[in-house]
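So the structure is just underneath, and the comments pick up after that.
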Amino acid sequence: MAFRTRFAPSPTGPLHLGHAYSAIVAHDMARSQNGAFLLRMEDTDLQRCKPEWDAQIIDDLTWLGLRWDEPVLRQSEQLTAYDPALKKLAARDLLYPCSCSRADIRAALAAPQEGVAHEVYPGTCKHRPMSDRKPGDALRIHLERALDLLSDRDVVFRETGPRYEGTHHIDPKQALDEIGDIVLSRKGEEIVAYFLASALDDVAQGITHVVRGEDLFEFTQIQVILLALLDMPIPTYHHHGLIRDENGKRLAKRDDARAISKFRAEGATPADIRVMIGL
Ligand code: GLU
């Protein structure tokens, strides 16, 4: 199968060195394999994503010399595209409505959860049937039930990144302990959330290799679980190392100090950026 990859930023801030690295790695992999490189804006969070950031990201990527082989896909322009998948999961009794706020979740957890990178939902609304869904409720996956349905299958994904290279088998216990019942459709907006939208679009765009930072590795298993539940093909993943600041901290969206636009304003060339990120 011809190699197809993508860069999938969320336009909630400027493109910084970390994004540039990710985009260039994916782009260069595609070019070296005679494959395709696509650009997808993951902008379903209508509060935080801004058209100005979208435009700036495109301008910066173009300045860096990157070209994509198909028109940019914007998730905000196809918000109903995710409904069939949500319906299918609901029909298999794998979703439940949730009205918890972040404060409710924190109160129910009482103590911080050790060793997990994100809060595992404590299950407050787990007993609620879909028929009880109120306007404004989020939808969560009932992960135990989902894993039960997959229990007679060995669900695997292939990883080619330096840190986790190999074949990974989904470990139900680890998924339950570390990921839990994530939100698939956000509270108050009836809009699909990142995990599902991103995995579905990888399939819809025919992505054979998902190239992205290793900070997203731990979420790969939930995306693979979702694809398996929906009988969809599972791409190969390549999680690359992260660009860190001088203190070893990974760069964040808010890191305007390392925004590509700032380096551009100071007269840097695209070649200088490649040197800065070690390429
Ligand atoms: N949109 C996600 C982000 O900007 C990346 C998603 C992905 O590459 O799978 O963090």
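The values are calculated or read from the model by the stated rules, or taken from the named source; none is laboratory data. Small disclaimer: the values here were computed from a predicted structure and weren't measured. With ideal geometry, Cβ positions are generated from the backbone for all residues, glycine too; neighbour counts draw on all protein chains shown. Note: areas computed on protein heavy atoms with side chains; ligands, DNA, RNA excluded. Shrake-Rupley method; radii C 1.70, N 1.55, O 1.52, S 1.80 Å.
Leaving out ligands, DNA and RNA, and with a 1.4 Å probe, what % of the accessible surface on the range 197-279 is carbon or sulfur?
53 percent
What are the residues whose amide H is under 5 Å from the amide H of His142, where those residues sit 5 or more places off or on another chain and H is modelled from the backbone?
It is Leu95, Tyr96, by chain and number.
Extending each Cα 7 Å along its Cβ direction at Ala2 and Asp272, get the distance between those two points in nm, one decimal.
Once both label points are built, they end up 3.7 nm from each other.
Just to check I understand the Karplus step: with θ = phi - 60° and J = 6.51 cos²θ - 1.76 cosθ + 1.60, what whole-Hz values come out for the range 168-175, glycine and proline as x?
With coefficients 6.51, -1.76 and 1.60, one gets 10, 9, 5, 10, x, 5, 5, 4 Hz.
Write down, largest first, the equivalent ellipsoid semi-axes of the range 66-138 in whole Å, where each equals the square root of 5 times an eigenvalue of the alpha-carbon gyration tensor. Show your work: numbers first, answer last.
Details: eigenvalues 182, 89, 26 Å².
After scaling each eigenvalue by five and taking roots: 30, 21, 11 Å.
Amide H of Arg4: which non-local residues (sequence gap of 5 or more, or other chain) have their own amide H closer than 5 Å, using H built in the peptide plane?
Here Ala36, Thr208, His209 satisfy the definition.
³J(HN,Hα) across the range 126-138 via Karplus (A = 6.51, B = -1.76, C = 1.60, θ = phi - 60°), whole Hz, x for Gly/Pro?
Running phi through 6.51 cos²θ - 1.76 cosθ + 1.60 with θ = phi - 60° gives 4, 6, 7, x, 4, 5, 8, 5, 9, x, x, 6, 7 Hz.
Please go through the residue pairs Lys134/Lys173; Lys50/Lys87; Lys126/Lys187 and name each one whose alpha carbons sit more than 25 Å apart in this structure. The partial results should precede the final answer.
On the way: Lys134/Lys173 31 Å; Lys50/Lys87 29 Å; Lys126/Lys187 15 Å.
Flagged as over cut-off: Lys134/Lys173; Lys50/Lys87.
Ordered by packing density, taken as the mean number of other Cβ atoms within 10 Å over each peptide's residues, highest first, how do 130-140, 232-242 rank?
On the way: 130-140: 15.0, 232-242: 18.3.
So the order, starting with the most tightly packed, is 232-242, 130-140.
Please work out the ratio of the alpha-carbon Rg of the chain to 2.2 N^0.38 Å and round it to two decimals.
Numbers: Rg = 19.2 Å, N = 279, 2.2 N^0.38 = 18.7 Å.
Computed over Cα atoms of the chain, the ratio equals 1.03.
Rg over Rh of the range 1-112, using C-alpha atoms and the Kirkwood radius, what does it come to?
Rg/Rh for the range 1-112 comes to 1.09.
Normalised by the empirical 2.2 N^0.38 Å for globular proteins, what value does the Cα Rg of the range 1-45 take?
Ratio of Cα Rg to 2.2 N^0.38 Å: 1.23.
Measuring from centroid to centroid over Cα atoms, what is the spacing of the range 63-89 and the range 258-275 in Å?
The range 63-89 and the range 258-275 have Cα centres spaced 28 Å from each other.
What is the set of long-range amide H partners of His238 at a cut-off below 5 Å, with H atoms built 1.01 Å from backbone N?
Thr160, Val210, Val211, Arg212
Within 10 Å, count the other beta carbons around each residue, average over each peptide in 27-34, 2-9, 45-52, and list them highest first.
2-9, 27-34, 45-52
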